[in-house]
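Here is the structure we will look at.
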Amino acid sequence: MSFLEKAVNPSFYKKKWASTSHNIAEYYKPLFRAGSVKPLWHIMIATSVIMYTQNYVFNKGPKIQAARKEQKVALEEYYANHGISHHH
């Protein structure tokens, strides 16, 4: 089976998901039972990576910064045209 055939076949992803979830369960089950702190650290790191990625993409990415700069310029033009001070 070629890569393209695998990529469009939903059963390929279902098998991969099942395999991955099984491997994760087998890895973490003994750690949870032993009271290890390692799973907690992994959850904290994963949460941090997800949060910082979302923050960059949605709040600080290049498109957002360009839109904010454009809005700032437009507001300055508006204030200049209407004689409004933007410091009040």
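The values are calculated or read from the model by the stated rules, or taken from the named source; none is laboratory data. These numbers were taken from a predicted model, which means no experiment stands behind them. Don't worry about glycine lacking a Cβ; one is built from the backbone with ideal geometry, like all the others, and counts go over all protein chains shown. With ligands, DNA and RNA removed, areas are computed over all heavy atoms of the protein, side chains included. Shrake-Rupley method; radii C 1.70, N 1.55, O 1.52, S 1.80 Å.
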inquiry  = Which numbered condition in (1) surrounded by 11 or more Cβ atoms within 10 Å (Cβ to Cβ); (2) outside any loop (DSSP other than H, G, I, E, B) is the only one that Ser36 fails?
reply    = (2)
query = Can you tell which of Phe12, Phe3 is exposed (fewer than 10 other Cβ atoms within 10 Å of the Cβ) and aromatic (Phe, Trp, Tyr)?
reply = Phe3
Close pairs from region 2-26: first on the phi > 0 side of the Ramachandran plot, partner open to solvent by 80 Å² or more (accessible area, probe 1.4 Å) and assigned to a helix (DSSP H, G or I), Cβ under 8 Å, at least 6 apart = none
message = Give all pairs with beta carbons closer than 9 Å in which a residue from region 34-59 that is free of Cβ contacts under 8 Å to residues at least 40 places away in the same chain and within 22 Å of Ile24 (Cα to Cα) meets a residue that is open to solvent by 80 Å² or more (accessible area, probe 1.4 Å) and part of a helix (DSSP H, G or I); count only pairs at least 6 apart in sequence or on separate chains.
response = Pro39/Phe32
query = If you go through region 25-33 one residue at a time, do you hit one that is within 20 Å of the chain's Cα centre (by Cα) and open to solvent by 90 Å² or more (accessible area, probe 1.4 Å)?
reply = no
inquiry  = Could you check region 1-52 and list, in sequence order, the residues that are of a type in the set (A, V, I, L, M) and modelled with pLDDT under 95?
reply    = Met1, Leu4, Ala7, Val8
message = One residue is enough: does region 46-61 have a residue meeting the conditions touching a Pro at 6+ places or on another chain (Cβ under 8 Å) and open to solvent by less than 80 Å² (accessible area, probe 1.4 Å)?
response = no
request  = Scan region 62-75 for residues that are at pLDDT below 90 and either surrounded by fewer than 10 Cβ atoms within 10 Å (Cβ to Cβ) or more than 30 Å from Met51 (Cβ to Cβ) (or both) and report the count.
outcome  = 2
